[in-house]
Amino acid sequence: MDTLPDDRPAFHDGGHEHQSCVEDALARAEDLCRRRGARLTPLRRRVLELVWGSHRAVKAYDLLAALDDGAGAAKPPTVYRALEFLKEHGLVHRIDSLNAFVGCPQPGEGHSAQFLICGECGEVSEMNAASIDRAVAERAAASGFALSRIIIELHGRCPRCATPSRGI
């Protein structure tokens, strides 16, 4: 999942070199954790790698299944603790409506993101439009509501799935 400099979300086409996304995300995570003095353990790193395995949201139990080496070594609390660490450090976001997680393309930068979620292919793209956050915060404040966080999830179809000429 990427965002473009002008905050337009980037959806990926068939020519996308995804392995570079994963490698970049892992490198950014290692750098961020090193600067913060946080431990990116092998398990946390592997969970982050699995989350970045595609540009789709991934559920904790899917991560658990992917981590299972047949000996039952990975347990749900282990995966949830790893996800909580990654969330706390801004390396992943939780998509509430899907009860799933996506990698953050701007880790460590405090931001409220808006997510575009394709209901057909499942791709999720992060959009960081500060003007949307400001408008929501202003309206909430005007009504006396004290915001603690903003999460906006938009469901629809990505450009690839919305294209009428797309093969079925």
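No value in this document is a laboratory result; all are computed from the given coordinates. Predicted model, so just to flag it, every value in this text is computed and none were measured. Cβ coordinates were reconstructed from backbone atoms using ideal geometry, including for glycine residues, and neighbour counts include every protein chain displayed.
Structure data summary
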read-out: Residues whose placed amide H lies under 5 Å from that of Glu153, excluding near-sequence neighbours; value: Phe115
read-out: Of Ser20, Leu91, Ala66, farthest towards positive along the dipole that unit charges on Lys, Arg, Asp, Glu beta carbons give segment 17-92; value: Leu91
read-out: Residues with amide H under 5 Å from that of Ala57, placed H, sequence gap 5 or more; value: Val124
read-out: Taking all pairs of distinct alpha-carbon atoms in segment 81-168, Kirkwood radius in angstrom; value: 14.7 Å
